[in-house]
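Have a look at the structure below before the remarks.
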Amino acid sequence: TAQNSGGGGGGGGGETAAGGGGGEASRDEGGSAESSSVRPQFGGRLLQDEEKVFQENAWDDVELDEEQLAGARAAVDTQSRYPVHEKERDAVEQAGGEFWDTFYRKHENRFFKDRHWLLTEFAELKASGDADTTGGPGPSAAVDPEAVPEPYHTPRWLCSRRATRRVLEVGCGAGNTIFPLLDADADPDLFVYGCDFAPSAVDIVRSHALYDPNRCHAFVCDVSTEDIGLPPASLDVVVAIFVLSAINPDRLGATLQRLAALLKPGGLLLLRDYGRYDLAQLRFKRNRYLADNFYIRGDRTKVYFFSQEEIREQMQRVGLTELQNRFDNRLIVNRAKREKMFRVWLQCKYIKSP
């Protein structure tokens, strides 16, 4: 949740999750068809012969053609003419994060799968930092309690005082990023923070067998409205996986400003989320439309579908420099039904200039 990962199962069932309420928009996270702990980076399975399209479950870098784009725009135009009823819209706004809290109380840690693709797509999270960037975070200094302002002399900050690498996952949910990262990286200097505005999600993380207060700390926070409680320029990496899409678009700028302020010079913001005209967007039925490209699911959680340009503009406003901003366009194939489905996920890497 937030706004946690609204996301779930990508190509051919690699990281699938159940469908959202009302039959629309399964939450999925763009995983590949492979379910192993290490998978090839996206972009390696290319469709070069259309006649062979049904020989695989998924193909990479397959974009909508002009006819399909026209159909997608028409579908969204139709949705806009049947918006959410005013009474339901107001109830959702007043409830805040209540529906995400209900979601995690209901599903606990059974809904989203661990993100085994994480270190493949975001190699910057590794201690070595080997990745396709022109820069990246170096080690942080150990925490000197006297070196930070008095308001940050709190258990939340001081629990990482011995760390030299600090990562924050925003919208940590049930820990599907935190625990794969800690499991893959035994570096004792790594400390991972995770926050979520659903108390039930944070409870799930804290009760996990791998939760070690010496290596991680989970806390409740709505990053779209609240101070995160960590000092400025204190983090090496901020991770937002299917999180920003759950935030009201009019709060996105302020949210990114808070996150950018936490990054030290050379720190990274890593992002993966829903892209414009993803299958999940086009499947929404009547009375699910909140605003342009912003919808309410049947369980009353919300989701936005991004363009590359709007993320680029927002990041520039908060002083972050682009390293990667691309769509992961995936053609998903149902071979039994001979159906084609297009998934569109946005993957970005931004750096705070030294």
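Annotations for the structure displayed:
- Residue 341-residue 150 FRET efficiency (beta carbon distance; Förster radius 45 Å; 0.05 resolution): 0.25
- Once Rg and the Kirkwood radius are both taken over the C-alpha atoms of segment 216-354, their ratio Rg/Rh works out to 1.02.
- Protein accessible area in segment 300-354, 1.4 Å probe - carbon and sulfur %: 42 percent
- Net dipole in debye of segment 226-354 [+1 Lys, Arg Cβ; -1 Asp, Glu Cβ; about Cα centre; nearest 20]: 820 debye
- Heavy-atom accessible area per residue - segment 236-354, 1.4 Å, Å²: 35 Å²
- Potential lengthening between residue 309 and residue 78 on full extension [0.36 nm per residue; Cα-Cα distance subtracted]: 80.8 nm
- Computed over segment 222-354: relative contact order in percent, which uses C-alpha pairs under 8 Å that are six or more apart: 29 percent
- Note on segment 208-354: Lys pairs 8 or more places apart or on different chains, Cα atoms under 25 Å apart, count 6.
- Counting only protein heavy atoms and a probe of 1.4 Å, the accessible surface of segment 151-270 is 53% carbon and sulfur.
- Rg/Rh for segment 279-354 (Cα atoms only, Rh after Kirkwood) is 1.08.
- Size of segment 247-323: Rg and Dmax of its alpha carbons, in Å, are 14.2, 46.
- Euclidean distance of C-alpha centroids, segment 261-323 and segment 180-204, integer Å: 23 Å
- Here the extension length gained between residue 85 and residue 64 equals 4.4 nm, from 0.36 nm per residue of separation less the Cα-Cα distance.
The values are calculated or read from the model by the stated rules, or taken from the named source; none is laboratory data. Fair warning: this is a prediction, and the values are worked out from it, not measured in the lab. Using ideal geometry, Cβ is built from the backbone for each residue, glycine included, and neighbour counts are taken over all protein chains shown. When the accessible area is computed, the model is the full protein with side chains, heavy atoms only, and any ligands, DNA or RNA have been set aside. Shrake-Rupley method; radii C 1.70, N 1.55, O 1.52, S 1.80 Å.
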